[in-house]
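A short worksheet on the structure shown next.
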Amino acid sequence: MFNNLTQRLSQSLQKIISKGRLTEENIKKTIREVRKALLEADVTLSVIKKFIENVKNKSIGNEINKSLTPGQEFIKIVKNELIFTMGEKNNTLNLSIEPPAVILFIGLQGAGKTTSVAKLGKWIKDKHKKKILIVSTDIYRAAAIKQLQILSEQIEIDFFSSNKNQTPVEITAQAMKYAKLKLYDILLIDTAGRLHIDKKMMNEIQEIQDLSKPIETLLIVDSMMGQDAINMAKIFNNDLLISGIILTKTDGDSRNGIALSMRYITKKPIKFIGTGEKITELEAFHPERIADRILGMNDVMSLIEDIEEKVDKSQIQKLTKKLKKGHDFNLNDFLMQIKQMKKIGGLNYFIDKLPKNNQLSNNISLLNTDKNTLDKAEAMIASMTPQERKNPMIIKGSRKRRIASGSGTKIQDINQLLKNFDSIKRIMKKIKTSGIAKVMREIKNILPKNF
């Protein structure tokens, strides 16, 4: 996400970081580069104009904070302006209403609306432990109702059955009655999308909105639509008074300038972003974290939240106690770490949250892997004997051939696994001898400073 914008901005800002002082000349030159980067990212012209104007006014002639270098001061101004443009703070869902709280999903066909319903349902279920009911009013698209039913079953959330012989308003009324009768906390209503905005579509959604009185009306926006998405959002907002936006497909090839434009143009907050196809790949939108990501800084807070939610803390505590007692880190421990890492989306997900081009990502080859590699590593360790797992030093020629044959891999894969294991083991040994605080300080020293 934001790779192109991050790369262009990094190149632009790198030149001013090395400057001993800020002058009107080098500020104006850098601002021109920033403007080009925003244009290439498909940010709306009116947004760029205001953004550049604010950065220029705040940087030229202003006193430099004594704790920062001139370059750092300028980047701080750019970061703060990015945060301001995207909405300054995270806008959480408004669920403070007598149950059932209704959340209405609207948007064009193909934007990822139906999947977003399921993603948000799982997010609410995991975060807020609510009793949720999902219903589809899309009687027009073939298999739309069935698709949402299947997704609901996957995330173990109740689904209210409907069919194409009913009208969307009838389905809504029946679902609301059922949700109230069965004491559901939240009712998620998926509406039909269209290939384009038309009067019939708007009237139908307006009827559903009037009947259900949703606490949230969320517009699902495909980030790959570019400037067309801005025009579409303005029309929806004018007719239906949306409460927030879910930006989908941010992991695709889009230039993602829409994230900077949407809040400024519509005056409505981006509440969530879809970061992938998996049902778990939905993130609450935090402008400060996104600004950090755009500027190539670390997004550690999102990573910490994922680790807290998905990692088995008891296993981590067990390993910590083992190391404190002086026992060696072995392949059984390594296997446990692999399983934990898979829960948060693999090591590529982990490294994507860290700053690019730092010592940590460049030197540990294990981090350059994905879920398939983790699956393969798990299969190789599973093909080993208990003795081999406890003492990897004995894994030589004939043993490597047997393990490769048993796991459907190659000897080169076994060699790489053992090399990666040694890298992790060295880190674990350092933690045991130097203490976790010293290791964390060393890691902190190679990360960029937050402003």
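Quick notes on this structure:
- Pairwise label distance in nanometres, Lys390 with Glu98, each label 7 Å out on the Cα-Cβ vector: 6.5
- Positive-end ranking of Gly226, Ile279, Leu188 along the dipole of region 101-297, with charges on Cβ about the Cα centre, is headed by Leu188.
- Phi angles of region 162-168 translate, via the Karplus equation with coefficients 6.51, -1.76, 1.60 and θ = phi - 60°, into HN-Hα couplings of 9, 8, 5, 7, 9, 8, x Hz per residue; Gly and Pro are given as x.
- Cβ-based net charge around Leu187, under 14 Å, with every Lys or Arg adding one and every Asp or Glu removing one: +2
- Nearest-20 debye value, region 159-238 charge dipole, Cβ charges on Lys, Arg, Asp, Glu: 220
- Rounded FRET efficiency, nearest 0.05, which uses the C-beta distance separating Glu170 from Gln227 and R0 of 35 Å: 0.40
- Modelled spin-label separation between Lys50 and Lys129, with each label point placed 7 Å from Cα along the Cα-to-Cβ direction: 4.1 nm.
- Placing a pseudo-label 7 Å from each Cα along the Cα-to-Cβ vector at Lys419 and Glu277 gives an inter-label distance of 3.0 nm.
- Net +/- balance of residues flanking Arg402 in space, Cβ distance below 12 Å, scoring K and R +1, D and E -1: +3
- Subtracting the Cα-Cα distance of Asp375 and Asp210 from 0.36 nm times their residue separation leaves 54.5 nm of extension gain.
- Computed E for Ser161/Lys339 - FRET, C-beta separation, R0 41 angstrom, nearest 0.05: 0.65
- Residue exposure proxy: Thr409, Thr172, ordered by other Cβ atoms within 10 angstrom of their Cβ from fewest to most, comes out as Thr409, Thr172.
All of the numbers you see were taken from the coordinates with simple rules; none came from a lab. Being a predicted model, the structure only gives us computed values, none of them experimental. So basically every Cβ, Gly included, is an ideal-geometry build from the backbone, and we count neighbours across all protein chains shown.
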